[in-house]
Amino acid sequence: MDNVIARVATAANLSPEVARKTVALIADFIQREASEEAVKDLWEKAPELHAIVASGDRTGGEGMGFGLKGLMGIATGAMGGGGLMALGGELMGLGLSMDQIQTSGREVFAYAREVAGDQIIGEIAASIPGISQFI
């Protein structure tokens, strides 16, 4: 778990605490937005990412309840943004710049690709519109 967090902290020049929250938000986003089968495969190959999501460190809309979170997703999607824009807003809320967001996303996906392989990451990328800029 600490490997991916340290990697993101170093690459994006973040504190370990902010890097952990960043990785948690990105992994939670993948869990919510990617195809269920691809996420299952990713968690099997990269249990560290799953552990970070399961640890509850994310701040990606929990506590809102399914209805409000779902309505927010629908509203953002209707405006052309969807989950990726919401994720960007959450990461900016942690104080990340656009460069740090892109670097963090690339590092998380590079880590996932190394441990899970190209096929699984390809399936995830295909199921999330706009995510290719982070891969």
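Throughout, read-outs are computed from the coordinates displayed, never taken from laboratory work. These numbers come from a predicted model, not from an experiment. Cβ placement follows ideal geometry from the backbone for every residue including glycine, while neighbour counts extend to all protein chains displayed.
Quick rundown of the values:
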| quantity | calculated |
| --- | --- |
| Label-to-label distance, nm, for residues given as residue 92 and residue 15 (7 Å Cα→Cβ offset) | 2.2 nm |
| Ratio of the Cα radius of gyration of the range 81-134 to 2.2 N^0.38 Å, where N counts its residues | 1.16 |
